[in-house]
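Enquirer: I have a structure here, written as structure tokens, and I will follow up with some questions on it.
The values are calculated or read from the model by the stated rules, or taken from the named source; none is laboratory data. Since we're looking at a predicted model, the values are computed, not measured. Counting neighbours? That spans all protein chains shown, and the Cβs are built from the backbone with ideal geometry, glycine included. The protein model used for the area step is the full one, side chains on, heavy atoms only, and it has no ligands, DNA or RNA in it. Shrake-Rupley method; radii C 1.70, N 1.55, O 1.52, S 1.80 Å.
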Amino acid sequence: MTNKRYWHKLIRLLRKDWAVAAFFLALSLIGFALFYLIPFAMGFLYSFQDRTVDGSFVGLDNYMALQASASFRKAASNTFLFTSISVPIIIALSLLFAHLLNQKLFARNWLQTAFVLPLVVPVASIVMIWQIFFDWNGTLNALLQSLHVERIDWMKSDWSMGVLIIVYIWKNIGYSIILFLAGLQNIPKDYYETADIEGAGKLHKWIHITLVYLTPTMFFVILISIINSFKVFRETYLIAGGYPHDRIYMLQHYMNNMFLSLDVQKLTAAAVLMVGCILVFVTGMLAIERRFRNFME
């Protein structure tokens with residue numbers, strides 16, 4: 001009798017919406033804690049120890065060793081350069097293409113499919129395509145040779161950063177376009193009709209209506225683009241290997257090499273610094289977006 005009452009109470013509890021939501025969220029939170037939160041917390045502790053097993057506290061020695069490492073400084077500067085160049089370009093291009101796709105264009109659906117297609121293509125396939133294109137005996141060098149221009153070893157020269165930026169933009173621009181397009185379609189058309197009645201021009205409407213009401217979406221796209229820029233390691237690793245040209249040696253390469261050499265202290269210290277920089281930037285962006293929203297209200 002007691003068991004039946006228990007099961008009846010459990011069934012009534014599960015029928016409630018909040019209980020079902022809590023159940024599904026609990027599964028996700030458990031997975032997030034096991035595979036992300038707990039390992040990062042352990043890595044944060046390891047970054048202040050001299051070894052992982054029975055280690056002693058050494059303070060900021062591991063972080064000072066990173067600052068003295070030429071390879072870490074090179075990786076950090078390359079990562080900062082890549083993000084500072086690729087993110088503004090992808091924001092400008094995705095906003096332009098989203099504005100064009102928001103118009104009544106011929107083959108609009110085909111264009112949307114073409115922009116979204118790289119999102120669903122596996123990374124290995126993408127890398128193979130770009131390897132064929134930028135290889136020493138690839139398509140681009142064959143075209144240059146036909147024009148009587150000397151071949152370029154694209155991935156083993158300073159051009160490698162440009163190649164990486166092109167691959168990153170081609171892979172991620174579709175997602176940014178979707179977000180901008182959704183933001184554009186959520187702007188009420190009454191604002192534009194009122195502006196037309198008052199004789200406002202296209203540039204005036206774009207600056208004072210489109211850009212203003214698209215600002216929250218733009219902040220979100222910037223944050224997503226920055227986060228995605230730190231995931232470019234897969235493409236770089238598959239194209240150029242674990243020790244690429246100095247121009248595209250990123251923080252992820254440094255951490256991967258520290259993992260292969262079992263230097264866990266430098267690995268965790270570099271990971272903590274990277275996450276800390278991302279958190280500082282995200283916090284600053286959210287503060288700016290909040291102030292802008294309050295100013296507009």
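Enquirer: Looking for whichever is open to solvent by 40 Å² or more (accessible area, probe 1.4 Å) and of a type outside the set (Val, Ile, Thr) here; the options are 273, 223. Which one fits?
Expert: On the way: 223 fails: open to solvent by 40 Å² or more (accessible area, probe 1.4 Å).
The conditions single out 273.
Enquirer: Could you count how many residues in the range 190-214 are surrounded by 15 or more Cβ atoms within 10 Å (Cβ to Cβ) and either at pLDDT 85 or above or of a type in the set (A, V, I, L, M) (or both)?
Expert: Here the count works out to 4.
Enquirer: Taking the range 49-72, which residues are in a loop (DSSP other than H, G, I, E, B), touching a strand residue (DSSP E or B) at 6+ places or on another chain (Cβ under 9 Å) and open to solvent by less than 40 Å² (accessible area, probe 1.4 Å)? First the steps, then the outcome.
Expert: Our first condition is that a residue be in a loop (DSSP other than H, G, I, E, B); within the range 49-72, this holds for 50-56, 58-60, 69.
Restricting the remaining residues to those that are touching a strand residue (DSSP E or B) at 6+ places or on another chain (Cβ under 9 Å) gives 50, 55-56, 58.
Once the filter is applied, which keeps residues that are in a loop (DSSP other than H, G, I, E, B), touching a strand residue (DSSP E or B) at 6+ places or on another chain (Cβ under 9 Å) and open to solvent by less than 40 Å² (accessible area, probe 1.4 Å), the range 49-72 yields 55, 58.
Enquirer: So in the range 230-251, with the set limited to residues that are in a helix (DSSP H, G or I) and without any contact (Cβ under 8 Å) to a residue 24 or more places away in the chain, which one is least open to solvent (accessible area, probe 1.4 Å)? Before you say what the answer is, go through the steps one by one.
Expert: Taking the range 230-251 first, the residues in a helix (DSSP H, G or I) are 233-240, 246-248, 251.
Cutting the leftovers down to without any contact (Cβ under 8 Å) to a residue 24 or more places away in the chain gives us 233, 237.
On the way: 233: 45, 237: 95 Å².
Among them, the one singled out is 233.
Enquirer: Looking at 160, 125, which one is crowded, with 17+ Cβ neighbours inside 10 Å and either over 27 Å from residue 244 (Cβ atoms) or of a type in the set (Gly, Ala, Ser) (or both)?
Expert: Testing whether each residue is crowded, with 17+ Cβ neighbours inside 10 Å and either over 27 Å from residue 244 (Cβ atoms) or of a type in the set (Gly, Ala, Ser) (or both) leaves just 160.
Enquirer: Among all residue pairs at least 6 apart or on different chains, which show Cβ distances below 6 Å where the first residue, located in the range 174-202, is in a loop (DSSP other than H, G, I, E, B) and the second is of a type outside the set (Asp, Glu)?
Expert: Note: pairs meeting the criteria are 187/213.
Enquirer: Check the range 178-189 and report whether any residue there is out of contact with any Leu (no Cβ under 6 Å at 6 or more places or on another chain), surrounded by 14 or more Cβ atoms within 10 Å (Cβ to Cβ) and either at pLDDT below 85 or outside the structural domain of residue 211 (by TED's automatic domain parsing) (or both).
Expert: The answer is yes, given that some residue of the range 178-189 is out of contact with any Leu (no Cβ under 6 Å at 6 or more places or on another chain), surrounded by 14 or more Cβ atoms within 10 Å (Cβ to Cβ) and either at pLDDT below 85 or outside the structural domain of residue 211 (by TED's automatic domain parsing) (or both).
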